[in-house]
Every structure is written in C-alpha cells, then in structure tokens.
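Read the structure below first, then the notes.
Read the figures in this text as sums done on the coordinates, not as results from a lab. Owing to the predicted nature of the structure, the values given are computational and were not obtained by experimental measurement. As a convention, Cβ positions derive from the backbone with ideal geometry for all residues, glycine included, and neighbour counts pool all protein chains shown.
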Amino acid sequence: MGVAVFAADEQSSHPVDTIRWIKLAEAVLADEGVRGDTEVSLLFVDENAIADLNVRFLGRSGPTDVLAFPIDEEPGESGRSPDSGGTGPGFGAEPEEAPTLLGDVVICPAVAYRNAPDHAGTYDDEVALLVVHGLLHLVGMDHEEPEEAQAMEARERELLERHHRPGAGATL
C-alpha cells in the first residue's frame, strides 16, 4: 500500500483542491522519511466544526486555522473476544499487519482565507502552509519552545520552497 493520504472537503465556504493537497502531503511525508503502510487524513471543515474540536481537545474557544491529531497508540491486540486467546472462526493464524495510522490534520479554509493576506500571502499559500505545519506535528515536531519553533519554521520554509512554490515560506 505505501503511504496513503486521504482528504475530505466537509465545508463549502472556500474551494479546496483536495488532489493538490494530497500530492503536497505525500511529498512532505516522503521528505520526512515516512515509509511503509501509513495513513494520514486531511480534513477541510467549517468554522463551527473546528471551533468544536478546538474547545474539546485544546480547551480553547473559537475557530482556529489548523489542528493536528497524531495517533500515538499501537493497534489493539487482535484475537477472539473476550479473552483474545485464539484466532476464532474465519480468521487465519497470521493476521495482516494493519497500516500505521499517523493521524489527522484538520484545516479550516474560512480561517485560512481570513489569515492569508497578513500571513502567507494568498489563500493557496496559506493552505499549503497549514498542510505542511499539520503534517510536521504528526511526525513529531512542535513549537512550544523557542528552539523547537525555529526548527519547525525552518523546515516549513524548506518544504514549501521544494513542494509548493519557490519563495513560499511564511510560518505559523
């Protein structure tokens, strides 16, 4: 299977070229060394949906531009319920290995559109930045400390210049 990026546009306020952002995500993940059977989701949602996620998971009110939800847990033990002591009927002795679920990146195009003029420049540049930023969170980068923020911003610029367009490089 390899690296699979799935995208869903669940909003209607601003156009989203999901194929374009899937290709950007695939290129970024390849540069970040993500290999094997791995899945990532890009979700484009409206302001109400991202505001709900923002308050539920971060305790912050209001809509934001991007949220990343890394999946850190290993898949649960497979087997027969309730004791997981055997394969049970209809199951082979060696279950197929499940793909690694890297996580989800949730982007709000309406907020991206509003932020773009004062941030990345154009709506497309802002969405590209948000895709890259979210993916870097999924692979373990953060910006809580100044040194981490500098490293993450530098990597964002490199990836945007390589895969989005030369000269792109605003940072979050």
Each label sits 7 Å from Cα toward the beta-carbon; between Lys23 and Ser61 the label points are separated, in nm, by 4.3
Using a 7 Å offset from the Cα along the Cα-to-Cβ direction at both Asp31 and Glu148, what is the distance between the two label points in nm, to one decimal? 2.2
